[in-house]
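What follows is a short report on a single structure.
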Amino acid sequence: SESKPTTGLVLSTELLTENVLKSSRYKLIVINATVHQTERFQQVAFSAALTNSDETLGPSERDVTLIFKHVVTNIGNAYNPHTGFFTAPVRGAYHFEWHIGDIGGRSPATAAALVKNSERVFSAYANLTPSHFETSSESATLQLEAGDVVSVNKWATSGIYDNVNHHVTFSGHLLFTM
């Protein structure tokens with residue numbers, strides 16, 4: 001019996017294999033890029049103090065957003081040291097902590113609230129004793145949507161004092177995406 005040429009079949013199989021490999025490589029590149037992009041957004045953490053020098057904020061006519069200018073960590077750049085706002089880059093659960101203080105005699109108390117999209121969530125508060133530095137701290141875990149804004153606002157009737165020792169701080173980080 002005569003053998004039939006198989007060149008066409010071999011070439012067809014090689015071409016199919018090459019196309020499958022190219023397609024698989026492309027899919028891997030896309031998957032790797034997606035994973036890298038997702039991982040980048042999942043890395044969100046910041047910590048900042050109010051100031052690098054003596055700063056006193058006394059009672060005011062209305063609540064004031066505290067602008068924490070001394071940033072020591074801002075992974076993901078979600079905290080803005082010019083506005084005092086943290087903007088959630090992704091939907092997820094976030095944990096925040098804030099610490100406040102003042103010297104008694106300037107105002108009756110030191111108080112500041114964690115604010116989510118213009119609504120108070122929790123407040124840190126301490127009555128002040130004349131000539132003593134009093135502090136208060138609070139923390140909260142919040143479910144945020146991408147674009148939600150969180151800040152710490154000083155109560156209108158209260159005072160805040162910070163110096164190079166960084167007693168007044170605001171920190172937060174993403175726990176997990178949702």
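The values are calculated or read from the model by the stated rules, or taken from the named source; none is laboratory data. It should be emphasised that the depicted structure is a prediction, and the values quoted were computed from it without experimental measurement. Don't worry about glycine lacking a Cβ; one is built from the backbone with ideal geometry, like all the others, and counts go over all protein chains shown. Just so you know, the surface numbers come from the protein's heavy atoms only, side chains and all, with ligands and any DNA or RNA stripped out. Shrake-Rupley method; radii C 1.70, N 1.55, O 1.52, S 1.80 Å.
Cβ contacts < 9 Å: first residue assigned to a loop (DSSP other than H, G, I, E, B), restricted to region 115-140; second residue among the hydroxyl-bearing types (Ser, Thr, Tyr), any location; separation 6+ or different chain. Result?
What qualifies is Leu128/Ser107; Leu128/Thr110; Leu128/Ser158.
Among what's in region 85-118 and is of a type outside the set (A, V, I, L, M) and within 11 Å of the chain's Cα centre (by Cα), pick the residue that is most open to solvent (accessible area, probe 1.4 Å).
Selected residue: Phe85.
So, in region 40-94, how many residues would count as being among the small types (Gly, Ala, Ser), under 16 Å from Asn163 (Cβ atoms) and touching a strand residue (DSSP E or B) at 6+ places or on another chain (Cβ under 8 Å)?
Final tally of qualifying residues: 2.
Given Leu66, Leu128, Leu114, which one is of a type in the set (A, V, I, L, M, F, W, C) and modelled with pLDDT under 95?
Leu128
Out of all the residues in region 141-166, which are exposed (fewer than 15 other Cβ atoms within 10 Å of the Cβ) and assigned to a strand (DSSP E or B)?
Taking region 141-166 first, the residues exposed (fewer than 15 other Cβ atoms within 10 Å of the Cβ) are 141, 143, 145-147, 156-157, 164-165.
Matches in region 141-166: Thr141, Gln143.
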